[in-house]
Amino acid sequence: MGPVELLHMSVFSQSFSPCGRFLAAGNNYGEIALFSLSAALSPDATAQSQKPVLTFTAHEGPVFSLLSTDCHLLSAGNGEISAWSWTELIKKNVKPLWTKRPNYKSSLEIPEINSMVMNPRDNSLIVGGGDNNVHVLDLERGVFKLVLQGHSDYVHCVSVREREAEILSGGEDGAVRIWDSRTGQSVHCIEVYKYESCARPQYGKWISCLTTDSDWMLCGGGPSMSLWHLRSLSPTSVFPLTGCQRQAAFHQDMILAVGEGPFLSHCLLGGEVKAQIPCTPQSLNTLQLNTNSTEHRVLTAGGSSDHIDVFTNLSYRAFSLRF
């Protein structure tokens, strides 16, 4: 890849291997790169240790979403999801196990797939994308078994509340919908931009990030990032972060968020921004915490750059991996 392509590279998605020793990252050119964390974190690491051990083209368009199961890496691009064996990828064997397309209304339509999440309750894959619907793939049988219809525009993000058998989705239409995963019925619809404390009309109403932790939901995008109590369906904290947040995560008694701006924000649950840690990319799309291995427990952040920042300690960037 030439210097111009590297200059215009964006990293959209990341996922750690089940063993926690590798990181997969997807970019806007349809490539997935595999990095060895054990090599990059070793005391003898060189510049070469921060480069991919394997790079391959997975999709024609950008790799919008990556997700690991117990033994597979799932990747999503324009209108398709592919599965790769982690064992084979580590051996540098690049061949998809399968590629599936949701049941779209027309064959001319190739909507991007923006987000994927596993529902461990029934071993299904929840997929949200550009056709305004949420699709549910039964991974045992390999068939799409349910379509959740209700959004009037793109679905940007999906999340699962396993205990309550609920699926949550956030869209361009400004709504967070809560679905019953057993029936596929929409049980609640929260229009975040209609709450004065969250509304930011100058940025729009779209919901770009969404995550849950038991009875709590975190969402943001056009509206300010906010923390919601899902039993009362009301916002309890609103975070004074500038720009749109693209990904957020609950971590211990904190919230970590990335989006517009070259930093990782640490927020307290009460709404206070505790710190903003500088990052290499000028804006960030993806944030991942490696909980699969205590030895390689890192946080990685990627965005509008060919660099992926690695934090061994949440308060500063240790080094960067590079495509």
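The values are calculated or read from the model by the stated rules, or taken from the named source; none is laboratory data. Here the structure is a predicted model, which means the values were calculated and not measured. With ideal geometry, Cβ positions are generated from the backbone for all residues, glycine too; neighbour counts draw on all protein chains shown. Ligands, DNA and RNA are stripped out before the accessible areas are found, and what is left, the full protein with its side chains, is counted by its heavy atoms. Shrake-Rupley method; radii C 1.70, N 1.55, O 1.52, S 1.80 Å.
Quick notes on this one:
- Residue within the range 293-300 that is within 15 Å of the chain's Cα centre (by Cα) and either of a type in the set (Val, Ile, Thr) or at pLDDT 95 or above (or both) present: yes
- The requirement of being touching a residue at least 12 places away in the same chain (Cβ under 8 Å), open to solvent by 10 Å² or more (accessible area, probe 1.4 Å) and farther than 25 Å from PHE12 by Cα is not satisfied by VAL160.
- In this structure, GLU31 does not satisfy being open to solvent by 10 Å² or more (accessible area, probe 1.4 Å), in contact with an Asp or Glu (Cβ under 9 Å, 6 or more places away or on another chain) and of a type in the set (Asp, Glu).
- Qualifying residue in the range 1-18 (condition: assigned to a loop (DSSP other than H, G, I, E, B), of a type in the set (A, V, I, L, M, F, W, C) and modelled with pLDDT under 95): yes
- Yes/no for SER42 being assigned to a helix (DSSP H, G or I) and either surrounded by fewer than 22 Cβ atoms within 10 Å (Cβ to Cβ) or in contact with a strand residue (DSSP E or B) (Cβ under 8 Å, 6 or more places away or on another chain) (or both): no
- Looking only at the range 69-107, residues that are within 26 Å of VAL147 (Cβ to Cβ), of a type in the set (Val, Ile, Thr) and free of Cβ contacts under 8 Å to residues at least 40 places away in the same chain come to 1 in all.
- Residue match in the range 115-132 (condition: open to solvent by 20 Å² or more (accessible area, probe 1.4 Å) and either part of a strand (DSSP E or B) or closer than 12 Å to LEU168 by Cα (or both)): yes
- Looking across the range 312-323, the residues that are of a type in the set (Gly, Ala, Ser) and surrounded by fewer than 18 Cβ atoms within 10 Å (Cβ to Cβ) come down to SER315, ALA318.
- Output for the range 75-93, where each listed residue is open to solvent by less than 60 Å² (accessible area, probe 1.4 Å) and not in a helix (DSSP H, G or I): SER75, ALA76, GLY77, ASN78, GLY79, GLU80, ILE81, SER82, ALA83, TRP84, SER85
- Note on the range 55-74: among residues that are under 20 Å from SER208 (Cβ atoms) and in a strand (DSSP E or B), the one that is most open to solvent (accessible area, probe 1.4 Å) is LEU67.
- Inter-residue pairs, beta-carbon under 7 Å, first closer than 16 Å to MET9 by Cβ and in the range 19-41, second open to solvent by 20 Å² or more (accessible area, probe 1.4 Å) and among the acidic types (Asp, Glu), 6+ apart: TYR29/GLU5; GLY30/GLU60
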